[in-house]
Each structure stands twice: as structure tokens, then as C-alpha cells.
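Working notes, structure below.
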Amino acid sequence: MNRTKRTLLSAALLVAPAAVAEPPSARFPGDGFELRVYQDAEQAIPPSIFSIPGDGRHPDPPPGGAFRSSCNVFLVIEGDRRILVDAGNGAPRGSLLAKLRADGVDPATITDILLTHEHRDHVGGLVGPDGAAAFPNATLHALVPPGADPAPLRPDLYELRAFADPAAATNLPAGFVAEPGPGHTPCHVFYRKGTLLFVGDAFHAVDLQIFVPEYCAKWDQDPATAVATRRALIQRSYTNIPKPKPNRITPLSSPPIDHPPLFLCGAHIPFPGIVSKIHLPMASAHEAPSFDTPAPGTPIPAEPRPPEPPDPPVQIRRRAEPAANPPDAPAH
């Protein structure tokens, strides 16, 4: 290479832009809080994992051969509370601890962890590489029905505030509310905060299961109930009223519930793990449903506040007229 070419190449290297590292989290501002989403691990799921209860049919493979998925963990920051929804896989597969630190979050500052259920990709991250608690100052919150074994939730390492029924979860932090999420496991539970609904493993391949919610992953322990739960979530989130479709196994023909817009936050929804709206086809039976995924930085819709009661009507009181002077008394 001659000197001129070497000089030009050196100059080009000097001005070439440096590779920009992807941010460790996707951030969404809320009403008085912030939501951050971390991809703990990449994931794609083959069609053989899915079948329809009762007939064993598997879906056709999508382009690429596997369905898009992910392993996501959610962090809500509100005031002095730092609340994780699930804890990820843990070592060696999970990257949550490294991404938290890269995002300026010390794992020791996590105050609470809301566990959606007891599977390894949700609770494995409770334990650090050294075998100690990865989040040493966190309190765990989880559904533990009567007779269920809490050992996978590591009560030996954490304070565990278990509740036997979602309605009994009255001590959740930062306004979170527990909701039933049955079907995947006996301990599976959803958490709602305003217009955010954290749905755990209700969806493993959202591209498939919004179109045909009857498809279940082999990890759903009660498939029929998991289907009913998934269908209810879709009906809470879609934006129009579909007509019955002859190509749908069970038409989603009920009108949507009157509710504020929901962000469905799923552990296995493709990163950043959120479905903001579901659109079901209105006219053609051959149209596929679609959904929106908000871009990082999209504000989380605030929950509508009830209208203020009207001011009471102003009552105008008339001043009483003075009594007329009595007539002069007659003379005697």
C-alpha cells in the first residue's frame, strides 16, 4: 500500500464513528414513576412447543422457523421504592445483574420483587453467582396457594410476604394490585399498576397466541384455563369489536370491556416486552390480528381519574321583609 492510501485509510479510521452500545434498558415514563425493561436473555421458541388442548395440533413454522420471544424483567422506580417484577434466569444464562449495574442501579437498592410464579426463568435470578441473595435488601411478594411449596421462592434468603389469594395481597408496594392469572402454574399471578398489567407467562409467542389463543406452550400446566385467561386478556386490550371469523377456532366476538388502555407487560413478549394495543380484524376473515409495541420513551397512559363531584348549588337566601307597623289602637 502506498503512502497516499495509508494516509487516507488512517484519516478514515480517525473520523469513523465509534460503535454505539445499546442502552441496558428500555425506559417508559409514567405518572409519578418510571418503568424500565431489561432483556435478561434472548429467546425464540420452535413450533413443536405449542399445541391446541385436545387435538395436539402444532402451528406452522413462522419465517425463520421459530416464534419470536424473549426473557424480560421489569423495574418500576417510584420515590424511594425500586420494584422488580420477577428476577430473571440468574447465571449463567441471565444478564439482569450486569444490565442493572450498567444502568446505574445497584442490586442492593432493590426494595421489592413481585414474583409472577415459580419457574426458573423468573426466580433463578434471586440467587447471585456466589450463592447469596442477589438483591439482599428486597422483600419478595408472591402467590403461594395452600399446599404449594414456597422453596423455589427462596424464603431462606429473603423475607417472603406470601398471599394465598390475589384478593388478599393488600400490602403490595407503590399501589400495585394482584390479579388472578390462572392456567400456567397454580402460583401464576398478574400485577397491575394503573394502566400497566404485568402478565408473566400468559404469552410465550405473542405473534401466534394473539391470533389463536388456544395454542398453549407445553409449560402451561392447566391448558384449558390458560386459554381462558389469555382470551380474557385479549378482550381487555383490543381496540375494536370483531365479527365472528369462520377460520377462528372460537371467535372472539364479545365486546371489549370498558376500561382504560392497558399496557400488557409480558416476560416473553418480544423486547421491550409490551403490547399497548391489540387490533382484531373487522371485515375480512383472512386478516390477521395485529398489535402495537410502544417505542422506548413512550409515556405510559395515566389511569383516568374519576370526575370531581359538582359543587353544591349556591342557595340564595332572601332577607326577610320587616313586619308592617301595626295599626293605631282605637281610642277608648
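The values are calculated or read from the model by the stated rules, or taken from the named source; none is laboratory data. In this text, all values refer to a predicted model and were calculated from it rather than measured experimentally. Cβ: placed from backbone, ideal geometry, glycine included. Neighbour counts: every protein chain shown.
General remarks:
- Which numbered condition ASP121 misses (of (1) of a type in the set (Asp, Glu); (2) in contact (Cβ under 8 Å) with a residue 40 or more places away in the chain; (3) assigned to a loop (DSSP other than H, G, I, E, B)): (3)
- Qualifying residue in region 207-224 (condition: surrounded by fewer than 22 Cβ atoms within 10 Å (Cβ to Cβ), touching a strand residue (DSSP E or B) at 6+ places or on another chain (Cβ under 9 Å) and either among the basic types (Lys, Arg) or more than 25 Å from SER69 (Cβ to Cβ) (or both)): yes
- Residue in region 67-79 that is under 22 Å from the mean Cα position of the chain (by Cα), within 27 Å of ALA302 (Cα to Cα) and not in a strand (DSSP E or B) present: yes
- Annotation note: of GLY194, GLY181, the sole residue that is in contact (Cβ under 8 Å) with a residue 60 or more places away in the chain, at positive phi and within 16 Å of the chain's Cα centre (by Cα) is GLY194.
- Within region 259-292, considering residues that are among the hydroxyl-bearing types (Ser, Thr, Tyr) and out of contact with any Phe, Trp or Tyr (no Cβ under 9 Å at 6 or more places or on another chain), the one modelled with the lowest pLDDT: SER284
- Pairs linking a residue in region 47-72 that is farther than 24 Å from GLY88 by Cα to a residue that is among the small types (Gly, Ala, Ser), with Cβ atoms under 8 Å and 6 or more positions apart or on different chains, are PRO53/ALA224; ARG57/SER51; HIS58/SER48; HIS58/SER51; GLY64/ALA44.
- The single condition among (1) of a type outside the set (S, T, N, Q); (2) closer than 22 Å to LYS193 by Cα; (3) at pLDDT below 95 that GLU34 does not meet is (3).
- Matching residues, region 210-230, being of a type in the set (S, T, N, Q) and either at pLDDT below 95 or assigned to a loop (DSSP other than H, G, I, E, B) (or both): GLN221
- Subset of region 80-102 (residues that are touching an Asp or Glu at 6+ places or on another chain (Cβ under 8 Å), part of a strand (DSSP E or B) and either of a type outside the set (D, E, K, R) or surrounded by 24 or more Cβ atoms within 10 Å (Cβ to Cβ) (or both)): ARG82, ILE83, LEU84
- Among the candidates ALA169, ALA151, the residue that is crowded, with 19+ Cβ neighbours inside 10 Å, of a type outside the set (Asp, Glu) and over 21 Å from HIS268 (Cβ atoms) is uniquely ALA169.
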